[in-house]
C-alpha cells in the first residue's frame, strides 16, 4: 500500500516537473507557432515614415456601403484630409435604386471627394435579352451619376447561368455591356481571379501558406473552381476583343509577382490599365524591378488601396515615395518579408496618384490637384 502511494506521489512529482519545464519553455518562446512568430528587426538604418502623401491622391479602388451615413462620411473625409487623399472611388455602387442611393450619399453630399461606379445584375444571365437589359440598366445608372463599371471577383468564379454552369469572363452575352461602356466612354475596373497561389496545393511550397491557414475559404480548389490560367486567358480575350473600352485590371492583374508578364500584356493591349490595390507586399520586395516598371508604364498605372483603413495608407506612401530599407508591412499573413521603398520620381508619382485617374474616370473634380 505504501509502495503504491509512493509510486503515485513520484508520478505526480514527475508530472509537476514536466509541467514546469513546459511552462518554462513556453515562457522562453520555444512553443511558438508560426502564426505567433513576429521577430523584431535589429537592422539600424534611416527611416522616413510618410503619414501624408506628397501629392493629392485619387484612390480608384475603395468599397463603402451605399447607405453610409453623413456622419461616417464626415469622419472619412477628415481622415482623407490628414492623408492627402483627395478622392475615393466607391466601386460598390450597385445598380438601379441602390446606385441612386450611393450617388446621393456620396457624390451628392461630397461631390468633390467621391466618385461612384455601378455594378451589374447577373440574375438571369444566359436568358434571352439579358445582355441588352444589362446594358440598358448601365446606361440608366450612368445617367443617374455612375462614373464607371466595376465587376467583382465572383464574375468568372461563382456566377452561374440558368443551367447552373459557370459564366466565363469572356461570356458572349456581355457584348452589349461592353459596347455600352465604349459608347458612354466609361472605364471598366474588373477583378478577375485571385492570387495564383490560392489555386495551388496548400503545402509547404505555397508562399501564401499562412494566409490560407488563417483563411481557408480563400483556397480555390480545382474541383470547385477553374484554373488560374483559364481565368487569365478569358480576361485577356475580353481586353483584346474590345479595344475601345479602357479596362482597369484590378490588383495588377495578380501579376505583381511577375512584372515581366504584366508588362508584356500592357505592351500588347493599349487599353490595358492597372491599379495597385492589395498588392503592395509584392511591390515592396522588388525595389529595383518595381521602380523600372512604374517608370516605364507611368501612364497606365493608377493608385488603388481596396479595403479602406486609414492607418494603412501611409505604408503605400512610404513604398512609393522613399528609398527606405527593410520596414514592416501592415498585414503579417500577406507577407513574411519586409518592404523596401521604390523612390518614384515626382512626375511618376503625380501620374500614379491622380493624373491617370483624372484622364480615365469622367466627372472627377480636378480642383485642388496640381496642374
- Query: Which residue, 285, 220, 183, tops the fluctuation ranking in a GNM of the chain built on C-alpha contacts under 10 Å?
  - Reply: 183
- Of 166-172, 72-78, ordering from highest average Cβ density within 10 Å down gives 166-172, 72-78
- Query: Along the Cα-to-C-beta direction of residue 67, a point sits 7 Å from the Cα; which residues of the stretch 87-102 have their amide N less than 16 Å from that point?
  - Reply: 93-95, 97-102
- Task: Residues in the stretch 323-342, backbone N under 20 Å from the label point at residue 33 (7 Å along the Cα-to-beta-carbon vector): list them, ranges by number please.
- Result: 331-337
- Comparing 46, 207, 321, which has the greatest mean-square fluctuation in the GNM of the chain with Cα pairs linked when under 10 Å apart? 46
- Message: Taking 22 Å as R0, compute the FRET efficiency from the Cβ-Cβ separation of residue 323 and residue 258 and round it to 0.05.
- Response: 0.40
- Note on the structure: Asserting the computed 222 nm helical MRE of the chain (DSSP H runs at least 4 long, -39500 (n - 2.57) per run, divided by residue count, to nearest 500) equals -11000 deg cm²/dmol
- Item | Max mean-square fluctuation residue, GNM over the chain, Cα-Cα springs under 10 Å, options 298, 162, 147 | 162
- Message: Suppose we keep just the DSSP beta bridges with both residues in the chain; what percent of those would be antiparallel, to 5?
- Response: 10 percent
- According to the square roots a ≥ b ≥ c of the eigenvalues of the Cα gyration tensor, what is the shape class of the stretch 285-330, taking rounded for a/c under 1.5, prolate for a/b larger than b/c otherwise, and oblate for the remainder? oblate
- With a ≥ b ≥ c taken as the square roots of the eigenvalues of the C-alpha gyration tensor of the stretch 46-360, please select rounded if a/c is under 1.5 and otherwise prolate if a/b is larger than b/c or oblate if it is not? oblate
- Just subtract the alpha-carbon distance of residue 185 and residue 140 from 0.36 nm times their residue separation and send over the number in nm, one decimal. 14.8 nm
- Does the stretch 29-129 come out rounded, prolate or oblate, given a ≥ b ≥ c as the square roots of the eigenvalues of its C-alpha gyration tensor, rounded meaning a/c under 1.5 and, failing that, prolate meaning a/b above b/c? oblate
- Query: Label-point separation (nm) for residue 295 and residue 268, each offset 7 Å from Cα along Cα-to-Cβ?
  - Reply: 2.7 nm
- Net lengthening on full extension, residue 47/residue 121 (0.36 nm per residue, minus Cα-Cα): 21.9 nm
- Taking 0.36 nm per intervening residue step and subtracting the Cα-Cα distance, what contour gain separates residue 330 from residue 365 on full extension? 9.5 nm
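Bear in mind that the values in this text are calculations on the coordinates, not laboratory data. This one's a predicted model, so the numbers in the text were calculated from it and none came from an experiment. Quick reminder, even Gly has a Cβ in these numbers, built from the backbone with ideal geometry, and neighbours come from all protein chains shown.
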